[in-house]
Amino acid sequence: MGITYKNGTVLYEGAVISTYTACERVMSDIYADVAYAIVWDEDWSCVKTINYAYYFELADNNGVAVVDATDENLAKAAAAADGSRAGHAKAAAFAAADKAELEAAKVAALAAKRAAVAADAPRMGDLVEVTKAAGSPKVAKGVSGKVVWSGWSKRHDASWRVGLKTAAGEVCWLPATAVKVIERASADAESAAPAPAPAAECRVAKGDRVTTANGVAGRIIWVGTDKFSGAARVGIRDSRGETHWVAADNVRAA
């Protein structure tokens, strides 16, 4: 029987596997049941979904479908489904391999970039000069000082940062791209160069009255560590209520 339309046309005889209906929007303001048949298409050697009827007044060539798939066509449909699943699995495997290859390429590219950056990066003990105003606290162009810490940024995978101690004794944190090396430290000096004190070794405590190297006086309201280097930092509130964030090495008891 297959699918028989009102005009006498018969399609997919012996190839209708199943039928179902779904309520759908068939026109801008009309919803109706729509009939579908799952069939084996011999010409295309695949399973298809065929719409054969719209159940509303404007449909003029609805068909009637009878489930009549032969054992041979059912076997072909099952084989095609197995092949489709195998094809999807193969495609997924290729996609996974491509993704792994891409990730490996990204890792290799990052490693190469980091190696290139680290090769010329300022090291502890180097004498450097600021080439563009940057850092925290901000350092003016032309200021020079010694690198007391250097390492990778925690925010950016391929960004090198330095801790610069100025002639005034203030430690500032800058991207390595903002400084140039004037004089390289010897290997012995680099290995012996001290790192900024961690919070556990901080000489001041919350509540202490202190003065900074820049002359700011006030009371410590916070003690913690720098998120980039792990060095000790403090928050100081002055007599006007303003808060200043500075390296713990840059304060002394008032």
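A few comments on the model shown:
- Taken together, the criteria exclude residue 57 from residues that are of a type outside the set (Ser, Thr, Tyr), part of a helix (DSSP H, G or I) and exposed (fewer than 11 other Cβ atoms within 10 Å of the Cβ).
- The selection criterion, being free of Cβ contacts under 8 Å to residues at least 60 places away in the same chain, surrounded by 11 or more Cβ atoms within 10 Å (Cβ to Cβ), β-branched (Val, Ile, Thr) and not assigned by TED's automatic domain parsing to the domain that holds residue 172, does not hold for residue 64.
- Residue within segment 96-111 that is surrounded by 13 or more Cβ atoms within 10 Å (Cβ to Cβ), outside the structural domain of residue 25 (by TED's automatic domain parsing) and either touching a residue at least 12 places away in the same chain (Cβ under 8 Å) or polar (S, T, N, Q) (or both) present: no
Residues checked against (1) among the hydroxyl-bearing types (Ser, Thr, Tyr); (2) at pLDDT below 85; (3) outside the structural domain of residue 163 (by TED's automatic domain parsing); (4) within 32 Å of the chain's Cα centre (by Cα):
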| residue | (1), (2), (3), (4) |
| --- | --- |
| 209 | no, no, yes, no |
| 217 | no, no, yes, no |
| 221 | no, no, yes, no |
| 227 | no, yes, yes, yes |
| 232 | no, yes, yes, yes |
| 246 | no, no, yes, yes |
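- Of the residues contained in segment 18-30, one or more are found to be surrounded by 15 or more Cβ atoms within 10 Å (Cβ to Cβ) and closer than 20 Å to residue 71 by Cβ.
- Top-ranked residue of segment 112-135 - restricted to ones that are among the charged types (D, E, K, R) and part of a loop (DSSP other than H, G, I, E, B), ranked as surrounded by the most Cβ atoms within 10 Å (Cβ to Cβ): 126
The values are calculated or read from the model by the stated rules, or taken from the named source; none is laboratory data. Fair warning: this is a prediction, and the values are worked out from it, not measured in the lab. FYI the Cβ positions are ideal-geometry reconstructions off the backbone, even for glycines, and counts take in every protein chain you see.
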